[in-house]
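Worksheet for the structure shown next.
Taken together, the values in this text are just the output of simple stated rules run on the coordinates, not laboratory data. Predicted model, so just to flag it, every value in this text is computed and none were measured. Positions of Cβ are generated from backbone atoms using ideal geometry, with glycine treated the same way; all protein chains shown enter the neighbour counts.
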Amino acid sequence: MILALMKQVLVKLPYLHPTNQLDLISKRERKNNTWIIIGCKRSISRQLHCNFKSLYSISRIKKFRNVAAMSTISNAIIKDHRELKQYYDEVVNNVNNHDHQQRFGNQFTWELARHSVGEELVVYPAFEKHLGVQGKEMAEHDRKEHHKVKLMLKEFQNMSASDPNYVPKLQELWKSLEEHIEEEERDDMPALEEKLRSIEGETESMAKSFGRTKAFVPSRSHPSAGEHPPFETVMGLLTAPIDDVADIFRKFPDQTISPNPSTK
Ligand SMILES: [Fe+2]
Ligand SMILES: [Fe+2]
């Protein structure tokens, strides 16, 4: 009965594409030994038909719907930015609960490290490719800002929430990051989307690349890698497994299903 209900829920998700989103989800979950969907296909009537190995919660399914609706690269970037703000707020608004702060501080670090490298590998090269001289300047400017933020993140990620400088350090970091986020959303991403509009499916394809790239990049800040690929790429691939293992021993918010970078 529950299985039938879940099938119905999935069938109603209009934007899920079986060979992309679900395939990726299925791959991730198998690593964690918790997953469920072992295959989906779309019928002629465009309904999704999925096979399940075991059951999962409806809230998790709703989360996939959000992922599925995130079709453009701008939406993917903005979604990450909003999540970062949410984690930041959880830290600064819970000064008397160090355990809560530590969990969300770790979550913030995890998300920001992956988001930054994901942009450097997927989005900034696209600025250079599609926006000419202006794009090269944008990418260079953004990489420098990332480097500055990563240096602060490296300090923050090694701090304990009981440290009186924990919140001030995060606030200092957020001040720089917030300006950077505003520039990306106001200037950079609209300029890129404008160019991508003439290439069918490009922004959607880039959004998928961004999501996949984030699954393989470090979940901690490694500013010594520099802000330029290919150093970032090489260092990222070298350090990601180490971060991956160390994440097991860090505290994350209770609702985090898996903080492991290879599973989100
Ligand atoms: Fe950025
Ligand atoms: Fe960003």
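Restricting attention to the stretch 75-98, does a residue exist that is among the hydrophobic types (A, V, I, L, M, F, W, C) and under 14 Å from K214 (Cα atoms)?
Within the stretch 75-98, one or more residues are among the hydrophobic types (A, V, I, L, M, F, W, C) and under 14 Å from K214 (Cα atoms).
Of all residues in the stretch 193-217, those satisfying the criterion of being outside any helix (DSSP H, G or I) and over 17 Å from E119 (Cβ atoms) are R197, S198, I199, E200, G201. How many residues are surrounded by fewer than 19 Cβ atoms within 10 Å (Cβ to Cβ) and not acidic (D, E) if we restrict to the stretch 85-108? Counting residues in the stretch 85-108 that are surrounded by fewer than 19 Cβ atoms within 10 Å (Cβ to Cβ) and not acidic (D, E) gives 10. Only a single criterion out of (1) away from ligand 1 (no atom under 12 Å from the Cβ); (2) in contact (Cβ under 8 Å) with a residue 12 or more places away in the chain is not satisfied by E184, namely (1). Here the stretch 68-103 is the region considered, the condition is being in a helix (DSSP H, G or I) and among the polar types (S, T, N, Q), and the residue that is nearest to S160 (Cα to Cα) is Q102.
Please find, within the stretch 125-159, the residue that is farthest from ligand 2 (Cβ to nearest atom) out of those that are within 18 Å of A113 (Cα to Cα) and among the polar types (S, T, N, Q). So the residue we want is N158.
Conditions tested, residue by residue: (1) free of Cβ contacts under 8 Å to residues at least 12 places away in the same chain; (2) more than 16 Å from ligand 1 (Cβ to nearest atom); (3) assigned to a helix (DSSP H, G or I).
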{"position": "G105", "(1), (2), (3)": "no, yes, yes"}
{"position": "F108", "(1), (2), (3)": "no, no, yes"}
{"position": "P125", "(1), (2), (3)": "no, no, yes"}
{"position": "E140", "(1), (2), (3)": "yes, no, yes"}
{"position": "H180", "(1), (2), (3)": "no, no, yes"}
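Among the residues of the stretch 109-124, just one is more than 13 Å from ligand 2 (Cβ to nearest atom) and among the polar types (S, T, N, Q), namely T109. Scanning the stretch 109-125 for residues that are buried (at least 23 other Cβ atoms within 10 Å of the Cβ) and within 18 Å of A191 (Cβ to Cβ) yields a total of 4.
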